[in-house]
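Enquirer: Handing you this structure, nothing more for now.
The values are calculated or read from the model by the stated rules, or taken from the named source; none is laboratory data. Note that the structure is predicted; figures quoted are calculated from it, not measured. Backbone-built Cβ (ideal geometry, glycine too); neighbour counts: all protein chains shown. Quick note on the areas: whole protein, heavy atoms, side chains included, nothing else; ligands and nucleic acids left out. Shrake-Rupley method; radii C 1.70, N 1.55, O 1.52, S 1.80 Å.
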Protein chains: 2
Amino acid sequence: MKVAIYGYGNLGRGVECAVRQNADMELFGVFSRRDPAQVYTLTGVKVYPAQDILLYKNEIDVLILCGGSATDLPGMTPQLAKDFNVIDSFDTHADIPVHFKRVDEAAKAGGHIAMISVGWDPGLFSLNRLYANAVLPQGSDYTFWGKGVSQGHSDAIRRIEGVQDARQYTCPVPEAMEAVRRGENPVLTTRQKHTRLCYVVAKPGADLARIENEIKTMPKYFDEYDTTVHFISQEELDRDHKGIPHGGSVIRTGKTGLNEENTHVIEYSLKLDSNPEFTSSVLVAYARAAMKMLGRGETGCRTVFDVAPADLSPLSGEELRAHLL
Amino acid sequence: MKVAIYGYGNLGRGVECAVRQNADMELFGVFSRRDPAQVYTLTGVKVYPAQDILLYKNEIDVLILCGGSATDLPGMTPQLAKDFNVIDSFDTHADIPVHFKRVDEAAKAGGHIAMISVGWDPGLFSLNRLYANAVLPQGSDYTFWGKGVSQGHSDAIRRIEGVQDARQYTCPVPEAMEAVRRGENPVLTTRQKHTRLCYVVAKPGADLARIENEIKTMPKYFDEYDTTVHFISQEELDRDHKGIPHGGSVIRTGKTGLNEENTHVIEYSLKLDSNPEFTSSVLVAYARAAMKMLGRGETGCRTVFDVAPADLSPLSGEELRAHLL
């Protein structure tokens, strides 16, 4: 199957690498809104101007959309779903129902499959919430994120006057996780679940106390959390905080038995060196599933909830039953 | 939907309790090969003689088969799949392909859905192996079991001359799990992954040294493991080892990036107070999925690999996308 990438940032580069790990896939190329002559791909794969994409309609099986959820995907996915099978990683949880509806109409009109909100949260974490809720109807859900870099929070700090650069880590509170794992079913506030750790490079002469105060009191982003601010040099930031690690855990604890006397704990955890590369790997697996579903005559919008696990694998049903069941 | 239980041991009692936690299900009754007058159900639900089951063919939506994999299910599941939608927990991994084929023929002939090998291993653990392999094609799989009671190993000890009762726990080796979680990709022997812990009640006057030696040298069951044997009284066994806890972890570590320079760890763990009650809860969730799939015209044999996650939930697609994605 021929896969193309639409948008070439961290996620697009991740898809470029991930496709090489799948023998049944070939990378057609990258579509970029920037001048193709100025875009250098990791593997040397060809770059096309985004506006020419319809010229290649018959040469691409699945288009993986690597734009951002805030401004790119809400328009991009419905637009491209008319002419292509598409996969996106739309992650604004509250807007998923509206996005689904618009993409579904476009994909059905064009006779295509569109898979939205693919990645790990939404994505693999959502799957684990669903499986655990179906198996243990009487129980409680917990999601912890981190330790990992939050791009949105890092950007928010960079917008403060006097800040030259910043990196923010979201950290789960170990005591809260342990209480959940022991089946204690705690009621946890935002502050009790996560802390925020900030590494900030200040501009020369900036008022550090004011910057720290502005970070810690920033509504929604930081004010509901215990936040630690460390001022470091640009060299230290570049040396020690260049990666984009992330991860987290979805935990459900539930009860069974005649008097619900038995407790069970289901935990799914990810520890990721590179958030965009892992997300890309999930996108690529769902691109395979999209082709299988299209092959069975399905069209319209789908999410990870709608995809039978076997469709993600290059192996046949017989092989899966013999080796992975 | 009306659910019936076929076979009334620990698993059947678990299903009896699990059905009560699902508002869209009703328990029709229990079918037993024992004299119904001698079978006392936990909830007082009616017991029918197993041989009368065809009389109730039109009153039962899904039949959950609660027999054992060694001698019951190989015959029972194909036989009953001709006349009922069935779910079983067939767990002899090596024989799944043959079981699948026989059940598939019977279910297709009868126009029914049959879901085999449902539970946690095979079952939820298998799903996690599949998802993790699809997302990280370059990597290694690890499965650790326990700490938990192995019924098969406990039975094997009980068959030794001079043994009155026994309980065997399978324990993962913490150092091995930690090495895997650190992404060290270790090659582990059977002995390096699990230890076996045995609590044995000897008959009066039995030769304890001989019993201990027979356990530790028993081929396949114990000889490849570091095994510890504790002799205790029947009172201690009944007081401290009455439960049937189990659990374990499926871990996949994999690499991504242009030069596979980034490591990711995916871990799925279960900590279960009651192995049969948890397995029952999984069976009941897949009974719901079977009805949805039948409603779309599907027939034949299926495994957890073939079931779209949304089919396990009583919630609609809209509700799932709004609340769990």
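Enquirer: Looking at A:R13 and the list (1) open to solvent by 60 Å² or more (accessible area, probe 1.4 Å); (2) part of a helix (DSSP H, G or I); (3) away from chain B (no Cβ under 14 Å), which single condition is not satisfied?
Expert: (3)
Enquirer: Being of a type in the set (V, I, T), more than 14 Å from chain A (Cβ to nearest Cβ), in a strand (DSSP E or B) and open to solvent by less than 10 Å² (accessible area, probe 1.4 Å), is that true of even one residue in region B:69-77?
Expert: No, region B:69-77 has no match at all.
Enquirer: Condition first: over 29 Å from B:K242 (Cα atoms), more than 21 Å from the chain's Cα centre (by Cα) and either hydroxyl-bearing (S, T, Y) or modelled with pLDDT of 95 or more (or both). Can you find one or more residues in region B:16-24 that meet it?
Expert: yes
Enquirer: Which count do you get for residues in region A:191-250 that are closer than 13 Å to A:H153 by Cβ, within 24 Å of the chain's Cα centre (by Cα) and among the charged types (D, E, K, R)?
Expert: 3
Enquirer: In this structure, is B:G257 buried (at least 16 other Cβ atoms within 10 Å of the Cβ), under 30 Å from A:E16 (Cα atoms), modelled with pLDDT under 95 and within 13 Å of chain A (Cβ to nearest Cβ)?
Expert: It is false that B:G257 is buried (at least 16 other Cβ atoms within 10 Å of the Cβ), under 30 Å from A:E16 (Cα atoms), modelled with pLDDT under 95 and within 13 Å of chain A (Cβ to nearest Cβ).
Enquirer: Taking only pairs six or more apart or across chains, which ones have beta-carbon atoms under 6 Å, a first residue in region B:196-223 that is closer than 11 Å to B:G162 by Cα, and a second residue that is open to solvent by 80 Å² or more (accessible area, probe 1.4 Å) and part of a strand (DSSP E or B)?
Expert: Filtered contacts from region B:196-223: B:V201/B:Q164; B:K203/B:Q164.
Enquirer: While we're here: Looking for something over 25 Å from A:E105 (Cα atoms), open to solvent by 10 Å² or more (accessible area, probe 1.4 Å) and either part of a helix (DSSP H, G or I) or basic (K, R) (or both) - is there at least one such residue anywhere in region A:264-275?
Expert: Within region A:264-275 (the criterion being over 25 Å from A:E105 (Cα atoms), open to solvent by 10 Å² or more (accessible area, probe 1.4 Å) and either part of a helix (DSSP H, G or I) or basic (K, R) (or both)), the answer is yes, since at least one residue qualifies.
Enquirer: Select from region B:87-144 the residues that are touching a Pro at 6+ places or on another chain (Cβ under 6 Å), of a type outside the set (V, I, T) and farther than 26 Å from B:I266 by Cα and list them in ascending order.
Expert: Result: B:R102, B:A106.
Enquirer: Residue under question is A:R302, and the condition is that it be more than 8 Å from every other protein chain (Cβ to nearest Cβ) and either within 30 Å of A:D83 (Cβ to Cβ) or open to solvent by 10 Å² or more (accessible area, probe 1.4 Å) (or both); does it hold?
Expert: Yes.
Let's see how each residue does on (1) under 23 Å from A:T303 (Cβ atoms); (2) touching a His at 6+ places or on another chain (Cβ under 9 Å); (3) basic (K, R):
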| site | (1), (2), (3) |
| --- | --- |
| A:V15 | yes, no, no |
| A:T43 | no, no, no |
| A:I53 | no, no, no |
| A:K57 | no, no, yes |
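Enquirer: Are any residues in region B:285-299 hydrophobic (A, V, I, L, M, F, W, C) and facing chain A (nearest Cβ under 8 Å), and if so, which ones?
Expert: Once the filter is applied, which keeps residues that are hydrophobic (A, V, I, L, M, F, W, C) and facing chain A (nearest Cβ under 8 Å), region B:285-299 yields only B:A285.
Enquirer: In region B:100-133, what residues are at the interface with chain A (Cβ under 10 Å from one of its Cβ atoms) and open to solvent by 10 Å² or more (accessible area, probe 1.4 Å)?
Expert: Within region B:100-133, B:F100, B:K101, B:W120, B:D121, B:N128, B:R129, B:Y131, B:N133 qualify.
Enquirer: In region B:134-170, which residue that is among the basic types (K, R) and in contact (Cβ under 8 Å) with a residue 12 or more places away in the chain is farthest from the other protein chains (Cβ to nearest Cβ)?
Expert: That would be B:R167.
Enquirer: Can you run down the residue pairs with Cβ atoms below 6 Å, 6 or more apart or on separate chains, where the first is in region A:1-12 and on the phi > 0 side of the Ramachandran plot and of a type outside the set (F, W, Y) and the partner is open to solvent by less than 10 Å² (accessible area, probe 1.4 Å) and not in a loop (DSSP other than H, G, I, E, B)?
Expert: none
Enquirer: Specify the residue that is nearest to B:Q21 (Cα to Cα); the eligible residues are those in region B:263-284 that are at the interface with chain A (Cβ under 7 Å from one of its Cβ atoms) and of a type in the set (S, T, Y).
Expert: B:S281
Enquirer: Inside region B:30-50, can you point out the residues that are assigned to a loop (DSSP other than H, G, I, E, B) and away from chain A (no Cβ under 14 Å)?
Expert: If the condition is that a residue be assigned to a loop (DSSP other than H, G, I, E, B) and away from chain A (no Cβ under 14 Å), then B:R33, B:R34, B:D35, B:V39, B:K46 are the ones that fit.
Enquirer: Then there is this: What do you reckon, is B:D104 within 15 Å of B:A290 (Cβ to Cβ), of a type in the set (D, E) and outside any loop (DSSP other than H, G, I, E, B)?
Expert: Yes.
Enquirer: Kindly check whether there is at least one residue in region A:81-91 that is surrounded by fewer than 16 Cβ atoms within 10 Å (Cβ to Cβ) and assigned to a helix (DSSP H, G or I).
Expert: Checked against the condition, which is being surrounded by fewer than 16 Cβ atoms within 10 Å (Cβ to Cβ) and assigned to a helix (DSSP H, G or I), region A:81-91 yields no hits at all.
Enquirer: Criterion first (open to solvent by less than 70 Å² (accessible area, probe 1.4 Å), not aliphatic (A, V, I, L, M) and not in a helix (DSSP H, G or I)) does B:D311 satisfy it?
Expert: no
Enquirer: Taking only pairs six or more apart or across chains, which ones have beta-carbon atoms under 7 Å, a first residue in region A:99-111 that is on the phi > 0 side of the Ramachandran plot, and a second residue that is open to solvent by 40 Å² or more (accessible area, probe 1.4 Å) and of a type in the set (V, I, T)?
Expert: Pairs that qualify, where the first residue is on the phi > 0 side of the Ramachandran plot and the partner is open to solvent by 40 Å² or more (accessible area, probe 1.4 Å) and of a type in the set (V, I, T), are A:G111/A:T299.
Enquirer: Another question about this same structure. Restricting region B:16-29 to residues that are of a type outside the set (A, V, I, L, M, F, W, C) and open to solvent by less than 10 Å² (accessible area, probe 1.4 Å), which is nearest to the other protein chains (Cβ to nearest Cβ)?
Expert: B:E16
Enquirer: Shifting gears a bit: Of all residues in region A:30-46 being of a type in the set (S, T, N, Q) and open to solvent by 30 Å² or more (accessible area, probe 1.4 Å), which is nearest to A:A285 (Cα to Cα)?
Expert: Among them, the one singled out is A:T43.
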